[in-house]
1. Name the single residue that is farthest from the ligand (Cβ to nearest atom) among those in segment 317-335 being touching a helix residue (DSSP H, G or I) at 6+ places or on another chain (Cβ under 8 Å), closer than 19 Å to residue 229 by Cα and outside any strand (DSSP E or B).
2. Has segment 337-346 got at least one residue that is assigned by TED's automatic domain parsing to the domain that holds residue 214, modelled with pLDDT under 90, more than 30 Å from residue 66 (Cβ to Cβ) and crowded, with 18+ Cβ neighbours inside 10 Å?
3. Please enumerate the residues belonging to segment 47-83 that are part of a helix (DSSP H, G or I) and either of a type in the set (D, E, K, R) or surrounded by fewer than 20 Cβ atoms within 10 Å (Cβ to Cβ) (or both).
4. Is it fair to say residue 290 is small (Gly, Ala, Ser), within 16 Å of the ligand (Cβ to nearest atom) and either within 27 Å of residue 34 (Cβ to Cβ) or at pLDDT 90 or above (or both)?
Amino acid sequence: MAKATTTIRQVLNHKPAYGAWFAANQALFNCVAAFYFDVIQAHEKVLQLGNQEALTALEHLTHTTKKNPHPVMPLSDIAEDIPAMFRRAAIHAALGSARSFATHLRKWRARKEKAQSKGKKFTERPPVPPQSWNKSATFYTGQWKERTEHSIVLKVWTGTCWSWLKVRITGRESPTDAEMGSPQLATGEQDNVALWRKIRDRDEQLAHLVSRRIVQFAREHEARVIVFEHLGNLTPEKGKYSRRSNTKRAFWMKGRIFRYAQYKAWNEGGVITCRVNPHNTSRECAHCGAQVVRYAAGQPEEGYTPGTPLVRCEQCQMRGHADRNASIVIGQRLIARYQPGRPQEEKPHTPRLAERELKDSGVTVSQEAKGEEQPFIAPTRHGSSNGHGTAHKGKRRRMGTPSLSIPPQLRLFTE
Ligand SMILES: [Zn+2]
């Protein structure tokens, strides 16, 4: 039986300082939703399931438990300690978007087939997956409490920890006979020009935040050069449209982070930035150059599993965190390029988009580091005292209530 749903809009009044925390909460939510969208794209059959079965399947693919110790795409790779209800709200948002995207794609394919069967030229571009996410974070049971007519306490990710925040609410009161649903933190109407501007601003903020951290880290370690990889190869993969689009999304974000880090580094400390050939930076041993074995804790130390956290070199017995090893290789490539008497490293393959992007930023590799005879890079310590190598030893959370039915919603608007 269908249930009638009432959406009640109320305005949240909160201390100005909370604004940044709600933004951080929203950013995390979007990040988790985008992650699940990618998981669904990699496992398209999930979309043939109903919401409840799809939720179970997606949790099995991503959520580490005693019974499920090695999920295929662990959520813990992108964030630790996500509360169960927060995760489920994000899964629900991702499913909605993925279903809509799949429908658009199917219709586009049908139009294409029809045109081609008639011998007509078909130039319409295929639909693209969301470039940025602006899903409202729904507060399911467990994420909010102590709701009165005038206030509510919400569990919010502040950017550093989960915190209970009490906020005042104004606006239409809930009808007394209504079953209470889950409040949702909304930011406005979806089809609103001003809103889209806000979304772009938020993406900008994220790129600024990440680039700022990079520059801060470099300055703390007194580095004079920050070395990035050139953006990767963007050759579309045949028949896998979704994957191609995801690559584009990652490419876009990387480009922006590079450009922002570039000007911040230069303006704030005269630190220069440059890029090196990305070819096999993750596969080479930083110590001896041999091919590394890449694996996750608890898995056999053999082969090369992309995305796993650990590396081991069979030739020199180096062990460490995969990203750290790759970072050192990236630094070494820059130094190698400026060794006297060494042939210039081969120019990396730059696909069309990369050329455009390079032109936009007005940068080429050779210009960036010109005049620096021997770029100095702060010495690095190898080893993983920071625990990065033990990504899967974190807390294992048991699944909570399995309901993903959609309760009547209370929308709270932040201003
Ligand atoms: Zn080695």
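1. This residue is 323.
2. Yes, segment 337-346 contains at least one residue that is assigned by TED's automatic domain parsing to the domain that holds residue 214, modelled with pLDDT under 90, more than 30 Å from residue 66 (Cβ to Cβ) and crowded, with 18+ Cβ neighbours inside 10 Å.
3. First pass over segment 47-83, keeping only residues part of a helix (DSSP H, G or I): 47-48, 51-62, 75-77.
Correct list: 47, 48, 51, 52, 53, 56, 57, 59, 60, 61, 76, 77.
4. So residue 290 passes the test.
The values are calculated or read from the model by the stated rules, or taken from the named source; none is laboratory data. This one's a predicted model, so the numbers in the text were calculated from it and none came from an experiment. Every residue, glycine among them, receives a Cβ derived from its backbone with ideal geometry; neighbour counts consider all protein chains shown.
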